Amino acid sequence: MSMSSTQQSGGKSLHVIVTGGAGFIGSNIAAAFLGDGHRVTIFDSLARPGVERNLEWLEARAPAGALCFVRGDVRDCDLVRSIIGAKDVQLVFHFAAQTAVTTSLVAPREDLEINVLGTHNVLEAVRQSRAMVPPMLFYTSTNKVYGSLPHRESIETPSRYCFADTELDRYGICEQEPLDFHSPYGCSKGAADEYVRDYARIYGLRTVVFRVSCIYGPRQFGTEDQGWVAHFMLAVAAGRQLTIYGNGKQVRDLLFIDDLVRAFRQAALHIDTTAGNVYNVGGGPTNSVSIWHELRPRLEQFADQPLQVQLDGWRPGDQPVYVSDTRKAERDFGWKPQVGIDEGLRRLWDWALELNQGRVRVASRPKRPPLRLPLPQPDVAFAGPSA
């Protein structure tokens, strides 16, 4: 669809659905759209410990009548269709998921049902939407769809792993990397990833997949299984001992939550280009760090004391090094990370301290220009087979 076939939404209030909207990413996305004057419906099961605090945080800052909460499970097909398929919905963010590799190993069927069947329910609700134009759909996939990257040789240095290929080490993993699902979690997220991508190709839906790396920031109630950066911060702030899996030299690129929110906003503004595409979204090489050898000095500086850890074996499918090549996102919608790793970690540490001391508060919203999305004209025909 060309830009000539779109109109600016101007001051019109959008209706935005966020599945998993009480979670870390979801609550930050919801806050951004509420702050821009749009209506937001959060669909969440509240199964993850701590997320009810995020819901309270959103309710405290939302203008009257702007926020609606629906407690539900994405496996409930009829409920999903009734919420997402409503005729006034223009934008859907699908974040509801089973998010831990370890959980998928002990409960693989539940992992499949939530991540694959749940995503299929969301896709069908968008495809069969009662709106004149089906809403845009953004989905968070994961770098785990690339597996453990066994064909990518890595080099061990005193503090980290590096790619042996100098070009790869300079830019990171791009979207052309072969998919290699490893672990039930990798399989379920990868299958959902491909479903979302294919619904754009087959049904002409405006779907976008973000294969995200390590997202971190305030409102992330991280655990040992998922959200490891926040888990480290929260554990150190509370004086709890950490367990490091592997040798601590594994490298990840970290992306601060504000940069991810901005990526979603910019991709939505450029939906004529981004629809049907997959993007690797992470901090990139400049924001890469080894999970303990290079992160440890920063944590010790925050805590003002040396830290002791317990070492354990490698986890299934763990990548010695993963760094996102974000050049496609920069080419297509002008995005690249802006929050440096040291600034981002400091902001997360400040929030972790507030949380540990029981004084987390509703933060003021940073000033930014309001989102004005390009919306298709109602009479625009979509490419691909009809629904």
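If you check Asp44 against the conditions, is it modelled with pLDDT under 95 and within 21 Å of the chain's Cα centre (by Cα)?
no
Candidates in region 262-279 are the residues that are farther than 20 Å from Asn28 by Cβ and not in a helix (DSSP H, G or I); of these, the one that is most open to solvent (accessible area, probe 1.4 Å) is His270. Cβ-Cβ distance below 7 Å, separation of 6 or more or different chains: which pairs start in region 169-193 with a residue that is surrounded by 20 or more Cβ atoms within 10 Å (Cβ to Cβ) and end on one that is at pLDDT below 95 and in a strand (DSSP E or B)? Once the first residue is surrounded by 20 or more Cβ atoms within 10 Å (Cβ to Cβ) and sits in region 169-193, its partners that are at pLDDT below 95 and in a strand (DSSP E or B) give Lys189/Thr142.
Scanning region 327-342 for residues that are free of Cβ contacts under 8 Å to residues at least 24 places away in the same chain and among the acidic types (Asp, Glu) turns up just one, Glu330. With respect to (1) in a helix (DSSP H, G or I); (2) at pLDDT below 95; (3) among the charged types (D, E, K, R), the lone exception for Asp225 is condition (1).
How do the pairs read when you match residues in region 283-305 that are over 14 Å from Ile244 (Cβ atoms) with residues anywhere that are of a type in the set (Phe, Trp, Tyr) and assigned to a helix (DSSP H, G or I), using Cβ under 6 Å and keeping only pairs 6 or more apart or on different chains? Qualifying pairs under 6 Å: Phe302/Trp349.
Considering only residues that are among the hydrophobic types (A, V, I, L, M, F, W, C) and assigned to a strand (DSSP E or B), look in region 138-163 and name the one that is most open to solvent (accessible area, probe 1.4 Å). Filtering first and then ranking leaves Ile155.
Once region 76-97 is narrowed to residues that are of a type in the set (D, E, K, R) and in a loop (DSSP other than H, G, I, E, B), the residue that is surrounded by the fewest Cβ atoms within 10 Å (Cβ to Cβ) is Lys87. Restricting region 195-206 to residues that are in contact with a helix residue (DSSP H, G or I) (Cβ under 7 Å, 6 or more places away or on another chain) and assigned to a helix (DSSP H, G or I) leaves a set whose member that is most open to solvent (accessible area, probe 1.4 Å) is Tyr195. Out of Gly239, Gly248, one residue alone is over 17 Å from Gly172 (Cβ atoms), surrounded by fewer than 19 Cβ atoms within 10 Å (Cβ to Cβ) and touching a His at 6+ places or on another chain (Cβ under 7 Å). It is Gly248. If Glu300 satisfies every condition in (1) open to solvent by 70 Å² or more (accessible area, probe 1.4 Å); (2) of a type in the set (D, E, K, R); (3) farther than 15 Å from Gln250 by Cβ but one, which is the exception? Every condition holds for Glu300 apart from (1).
As a summary of the residue check, Ala164 satisfies the conditions (1) farther than 24 Å from Arg296 by Cα; (2) of a type in the set (A, V, I, L, M); (3) in contact (Cβ under 8 Å) with a residue 60 or more places away in the chain except for the one numbered (3).
Inspect all residues belonging to region 267-278 and state whether any of them is at pLDDT 95 or above and within 26 Å of Arg160 (Cα to Cα).
So the first thing to find is which residues in region 267-278 are at pLDDT 95 or above, and the list is 267-278.
Among the residues that remain, those that are also within 26 Å of Arg160 (Cα to Cα) are: none.
Checked against the condition, which is being at pLDDT 95 or above and within 26 Å of Arg160 (Cα to Cα), region 267-278 yields no hits at all.
Restricted to helices (runs of 4 or more DSSP H) entirely inside region 98-137, those with at least 1 residues that are at pLDDT 95 or above and under 26 Å from Arg201 (Cα atoms) are 108-112, 118-127.
So that you can scan it fast, the table gives a plain yes or no per residue for (1) out of contact with any strand residue (DSSP E or B) (no Cβ under 8 Å at 6 or more places or on another chain); (2) over 20 Å from Gly222 (Cβ atoms):
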residue	(1), (2)
Gly50	yes, no
Leu67	no, yes
Asp78	yes, yes
Ala96	no, no
Leu112	yes, yes
Glu124	yes, yes
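Looking across region 232-257, the residues that are over 18 Å from Trp314 (Cα atoms), touching a helix residue (DSSP H, G or I) at 6+ places or on another chain (Cβ under 8 Å) and assigned to a helix (DSSP H, G or I) come down to Met233, Leu234, Val236, Ala237, Ala238, Ile257. Of all residues in region 123-137, those being under 15 Å from Val74 (Cα atoms) and either out of contact with any helix residue (DSSP H, G or I) (no Cβ under 7 Å at 6 or more places or on another chain) or open to solvent by 20 Å² or more (accessible area, probe 1.4 Å) (or both) number 1.
Over 21 Å from Tyr322 (Cα atoms), under 19 Å from the mean Cα position of the chain (by Cα) and open to solvent by 10 Å² or more (accessible area, probe 1.4 Å): is that true of Arg219 in this structure? In short, yes. Of the residues examined, Ala192 is not one that is among the aliphatic types (A, V, I, L, M), under 21 Å from Arg331 (Cα atoms), modelled with pLDDT of 95 or more and outside any loop (DSSP other than H, G, I, E, B). A count restricted to region 308-324 and to residues that are modelled with pLDDT under 85 and either among the polar types (S, T, N, Q) or open to solvent by less than 40 Å² (accessible area, probe 1.4 Å) (or both) stands at 2.
The values are calculated or read from the model by the stated rules, or taken from the named source; none is laboratory data. A quick note: this is a predicted structure, and the numbers were derived from the prediction, not measured. A quick note on method: Cβ atoms are made from the backbone with ideal geometry, for glycine too, and the neighbour counts reach across all protein chains shown. These accessible areas exclude ligands, DNA and RNA; they are computed on the full protein's heavy atoms, side chains included. Shrake-Rupley method; radii C 1.70, N 1.55, O 1.52, S 1.80 Å.
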